[in-house]
1. Could you check segment 34-91 for strands (runs of 3 or more DSSP E) lying wholly inside it with 3 or more residues that are closer than 30 Å to T320 by Cα?
2. Within segment 232-254, which residues are outside any strand (DSSP E or B) and either among the aromatic types (F, W, Y) or touching a residue at least 60 places away in the same chain (Cβ under 8 Å) (or both)?
3. Would you check if there is a residue in segment 303-316 being touching a helix residue (DSSP H, G or I) at 6+ places or on another chain (Cβ under 9 Å), in a strand (DSSP E or B) and loosely packed, with under 15 Cβ neighbours inside 10 Å?
4. Give me a count of the residues in segment 305-331 that are on the phi > 0 side of the Ramachandran plot and not hydroxyl-bearing (S, T, Y).
5. Show the residue pairs meeting these rules: Cβ distance below 8 Å; 6+ apart or different chains; first residue within segment 259-284 and in the same structural domain as D316 (by TED's automatic domain parsing) and of a type in the set (V, I, T); second residue buried (at least 17 other Cβ atoms within 10 Å of the Cβ) and part of a helix (DSSP H, G or I).
6. Is at least one residue of segment 162-170 surrounded by 12 or more Cβ atoms within 10 Å (Cβ to Cβ), of a type in the set (D, E, K, R), closer than 17 Å to D93 by Cβ and in the same structural domain as D78 (by TED's automatic domain parsing)?
7. So which of V296, V334 is surrounded by 14 or more Cβ atoms within 10 Å (Cβ to Cβ), within 31 Å of the chain's Cα centre (by Cα) and either touching a residue at least 40 places away in the same chain (Cβ under 8 Å) or farther than 15 Å from T37 by Cβ (or both)?
8. A57 fails exactly one of the following numbered conditions: (1) farther than 30 Å from A330 by Cβ; (2) modelled with pLDDT under 95; (3) touching a strand residue (DSSP E or B) at 6+ places or on another chain (Cβ under 8 Å). What is the number of that condition?
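The values are calculated or read from the model by the stated rules, or taken from the named source; none is laboratory data. Model, not experiment: these values are computed from the prediction. Using ideal geometry, Cβ is built from the backbone for each residue, glycine included, and neighbour counts are taken over all protein chains shown.
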Amino acid sequence: MKKSLMFMFMAASLVACNSTSNDQATEEVVTAIPVKTAVAETRTIDVLETYTSEIMAYKENDITPAAQGLHIDRILVDVGDKVYAGQTLVTLDQTTLKQQELNLATAQDNYDRMVPVHAAGGISDQQLTQMKNTLDLQKEVVENLRKNSTIKSPISGVVTARNFENGDLFASMPILHIMQIDKLKVMANISEQYFTNVKVGDKVTIEVDIYPGEQFEGVVSRINPAFDSRTRTFGVEITIQNPSMQLRPGMYARTIFNMGQRESVVIPDKALQKQVGSSERFVYVIKDGVADYRFVTDGRRVGDMIEITEGIEAGDVVATTSFTRLINGALVEVEAE
């Protein structure tokens, strides 16, 4: 009798346990996932276009004598030195100049002596003309050497290259290279669709990797009137004031143009998710208590909001939490913020 009672008690217990387990399983299947949400809204945002380019010196100049084969007497500056327009940078050896001045004196003397001889009929007009041409040519040689006996800087700037030493014989390579860097420029190739949006005088934001988070201001100084037929772009020159010399020629830069404004759908950036193993982005749109997995195309970031150009519309409700639990078609319960 006791065994029968014990068996009946164990059977009842098993039935009760099974019933409880089934109830729990059923409850787990239908339990809604709690999520917080946000509503996609329309905002007016700036249309910002970014172009990559290289910073260049505003002006640069090669310091080179007009004549070849001259010896360099002294180079008065070195790499890194600041120079001003009109400053003497290089003096050349005077030996060649002095020799040519002697040749000029001889040519002048010969011509002067032959003038009365010609008047007396001792030489022909052609001979006197040839002597005059020789004299004029020698005057040009001497004048050219005098101008190049000292070489002055045509611009204010910084010496960025020195290719010779004192006493060297000048060859084809420039003696010095000067760059103006207290003001710089950047060239950007802009898509033709924005031709009417860009004007001389427009302000442009400049960013460089070496100064993360810092921005510099540039101004559109020149617009190329012709388009590149291959790329359908037009060139724009941006001038950057650089009094502190933070920026230098050769730096990689991003130029950011404001091309106007547009109405766009935006959502909190935390609602936008990246699909694992791909570059695609998605959101969960919540409607009638169900999560709808939806691919979207994102645009630019505006503070803690992100622009969505395709995939959802203003008024759609998107999940901002519980992404590790959500799947397409999951039942959800919206929690208050």
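1. 37-39, 41-63
2. N242, P243, M245, L247, R248, P249, G250, M251
3. The answer is no; no qualifying residue exists.
4. Residues in segment 305-331 being on the phi > 0 side of the Ramachandran plot and not hydroxyl-bearing (S, T, Y): 3 in total.
5. Matching pairs, first to second residue: V283/A271.
6. yes
7. Testing whether each residue is surrounded by 14 or more Cβ atoms within 10 Å (Cβ to Cβ), within 31 Å of the chain's Cα centre (by Cα) and either touching a residue at least 40 places away in the same chain (Cβ under 8 Å) or farther than 15 Å from T37 by Cβ (or both) leaves just V296.
8. Going through (1) farther than 30 Å from A330 by Cβ; (2) modelled with pLDDT under 95; (3) touching a strand residue (DSSP E or B) at 6+ places or on another chain (Cβ under 8 Å) one by one, A57 breaks only (2).
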